[in-house]
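> Below is the structure I would like to discuss, written out as structure tokens.
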Amino acid sequence: MFLQIFYYLPAILGVLFIAVGAYHGWKFRGMTRRCKVAAVGTLLGFEEKKMKSGTLYYPVVRFQTQDGKTYQARYAFGDAEWDYTAGDELDLRYNPADPQEIYLDHVQSVWQQYASPFFIIIGGLIFIAAYYFIL
């Protein structure tokens with residue numbers, strides 16, 4: 001009875017991977033749709049988040065909104081390394097309803113931005129294919 005759980009494990013993992021990939025893509029797409037207003041900001045530096053697999057760096061940017069108010073915001077997506085240094089000017093888009101939510105424009109091409117959720121979903125499909133076609 002206990003070993004039967006392992007029979008369903010690839011299907012469970014596949015569904016989980018697909019759900020995580022879809023959520024990640026949906027979250028990113030929602031952010032890019034909300035952040036509509038263009039601005040130029042100055043990179044102040046990076047916030048570090050240490051993880052078991054390494055350190056992620058989140059850009060912190062200061063910019064002015066169209067009404068002249070100055071904001072400081074942290075980009076929601078971190079990376080292990082960036083091609084920018086403190087003091088660089090970055091093109092960004094911000095959410096007019098919540099200027100703390102920013103999207104760094106032209107940091108990555110569109111295919112790179114959606115590559116992570118795409119490959120997570122592909123991994124889920126591989127697990128499900130293994131369940132249905134191999135087992």
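The values are calculated or read from the model by the stated rules, or taken from the named source; none is laboratory data. The structure displayed is predicted, hence computed values, not measured ones. Positions of Cβ are backbone-derived with ideal geometry, glycine not excepted, and every protein chain shown enters the neighbour counts.
> Is one or more of the residues making up segment 4-26 assigned to a strand (DSSP E or B), surrounded by 12 or more Cβ atoms within 10 Å (Cβ to Cβ) and either touching a Lys or Arg at 6+ places or on another chain (Cβ under 8 Å) or not acidic (D, E) (or both)?
No, because not a single residue in segment 4-26 is assigned to a strand (DSSP E or B), surrounded by 12 or more Cβ atoms within 10 Å (Cβ to Cβ) and either touching a Lys or Arg at 6+ places or on another chain (Cβ under 8 Å) or not acidic (D, E) (or both).
> On the basis of being touching a residue at least 12 places away in the same chain (Cβ under 8 Å) and assigned to a helix (DSSP H, G or I), does Y114 make the cut?
The answer is yes for Y114.
> Same structure again: Answer yes if at least one residue in segment 45-52 is exposed (fewer than 13 other Cβ atoms within 10 Å of the Cβ), within 30 Å of I126 (Cα to Cα) and in contact (Cβ under 8 Å) with a residue 24 or more places away in the chain, and no otherwise.
Taking every residue of segment 45-52 in turn, none turns out to be exposed (fewer than 13 other Cβ atoms within 10 Å of the Cβ), within 30 Å of I126 (Cα to Cα) and in contact (Cβ under 8 Å) with a residue 24 or more places away in the chain.
> Looking at V60, V15 in this structure, which one is under 19 Å from E101 (Cβ atoms) and not hydroxyl-bearing (S, T, Y)?
Values: V15 fails: under 19 Å from E101 (Cβ atoms).
Selected residue: V60, the only one of V60, V15 that is under 19 Å from E101 (Cβ atoms) and not hydroxyl-bearing (S, T, Y).
> If you scan segment 56-90, which residues turn out to be surrounded by 13 or more Cβ atoms within 10 Å (Cβ to Cβ) and farther than 18 Å from K36 by Cα? Walk me through it before giving the result.
Of the residues in segment 56-90, the ones surrounded by 13 or more Cβ atoms within 10 Å (Cβ to Cβ) are 56-61, 63-65, 71-79, 82, 84, 88, 90.
Passing the criteria: L56, Y57, Y58, P59, V60, G78, D79, W82, Y84, D88.
> Here is a further query. Can you tell me how many residues within segment 97-127 are modelled with pLDDT under 85 and in contact with a helix residue (DSSP H, G or I) (Cβ under 7 Å, 6 or more places away or on another chain)?
The total comes to 5.
Matching residues to (1) basic (K, R); (2) more than 16 Å from the chain's Cα centre (by Cα):
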position: R34; (1), (2): yes, no
position: Y57; (1), (2): no, no
position: Q64; (1), (2): no, yes
position: E81; (1), (2): no, no
position: Y131; (1), (2): no, yes
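> Do we find that I120 is in a helix (DSSP H, G or I) and of a type outside the set (F, W, Y) in this structure?
yes
> Of all residues in segment 27-56 being more than 30 Å from A129 (Cβ to Cβ) and part of a helix (DSSP H, G or I), which is modelled with the highest pLDDT?
R34
> A further question follows. Among the residues of segment 39-54, which ones are farther than 23 Å from Q100 by Cα and among the aliphatic types (A, V, I, L, M)?
M51
> Could you grab me the full set of residues in segment 70-90 that are in a loop (DSSP other than H, G, I, E, B), more than 15 Å from I102 (Cα to Cα) and in contact (Cβ under 8 Å) with a residue 12 or more places away in the chain? Give the steps one after another, and end with the answer.
Step one: list which residues in segment 70-90 are in a loop (DSSP other than H, G, I, E, B), which gives 75-78, 80-88.
With more than 15 Å from I102 (Cα to Cα) added as a condition, the list becomes 80-88.
Across segment 70-90, the qualifying residues are A80, E81, W82, Y84, T85, A86, G87, D88.
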